[in-house]
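Colleague: Structure provided below as structure tokens; questions to follow.
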Amino acid sequence: MAGRFAVELSQGAEDDLETIHDYLALHRSRGDADDLLAAFLDRIETLEQSPERGAVPKELDALGIRDFRQALLGPYRLIYRVIDARVVLLLIADGRRDIQALLERRLALPAYDQCLKAGHNFNLLDARGVISVVERAAYIGRVRDLARACCRLWLDAA
């Protein structure tokens, strides 16, 4: 039976898989690395059926960001986003690493997308005259701060 969702791996997630596989092949054995890769692929395949069952990563939940989910495989965390009928896998990392720093680097572009949406929402509210002058200035300030933070994340990751 075909899955309801199409699963896509971002370039970052593909690089993560390759890095983990190469590390295990070098420090343990090629067989262990291949077994873990097969387990990853099996876990990724389960996302086709029910990606919404994954929990929101606690680092993002603390920031109020609930658009992302995670699946666990041993100590590894697979962080993804469900977009319409697609599941986009963004990050595969050992949960013992500093996930907060990894997420900040990887999520700069999705954060910028949210910034653009906030700007668009502001334009809609302003065009309809439902936002006061004081709210207008505060909203513009928040969108500006968000855009600056996204740019900082992007430059720091470069």
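Colleague: Given (1) more than 12 Å from the chain's Cα centre (by Cα); (2) touching a residue at least 40 places away in the same chain (Cβ under 8 Å), identify the lone condition not met by residue 108.
Modeller: Failing condition for residue 108: (1).
Colleague: Now, a different point. Only one of 89, 47, 72, 60 is surrounded by fewer than 17 Cβ atoms within 10 Å (Cβ to Cβ), among the aliphatic types (A, V, I, L, M) and touching a residue at least 12 places away in the same chain (Cβ under 8 Å). Can you tell me which?
Modeller: After applying the criteria, what remains is 72.
Colleague: Among (1) closer than 24 Å to residue 6 by Cα; (2) touching a Leu at 6+ places or on another chain (Cβ under 8 Å), which single condition is residue 69 missing?
Modeller: Just one mismatch for residue 69, condition (2).
Colleague: Right, another one. Would you mind stating whether residue 54 is over 19 Å from residue 9 (Cβ atoms) and either modelled with pLDDT under 85 or buried (at least 19 other Cβ atoms within 10 Å of the Cβ) (or both)?
Modeller: no
Colleague: Residue 16 - would you say it is in a helix (DSSP H, G or I) and either surrounded by fewer than 17 Cβ atoms within 10 Å (Cβ to Cβ) or among the basic types (Lys, Arg) (or both)?
Modeller: no
Colleague: On the given criteria, is residue 66 of a type in the set (Lys, Arg) and either farther than 16 Å from residue 107 by Cβ or surrounded by 12 or more Cβ atoms within 10 Å (Cβ to Cβ) (or both)?
Modeller: The answer is no for residue 66.
The values are calculated or read from the model by the stated rules, or taken from the named source; none is laboratory data. Since the model is a prediction, treat every value here as computed from it, not as a measurement. Neighbour counts run over all protein chains shown; Cβ positions are idealised from the backbone, glycine included.
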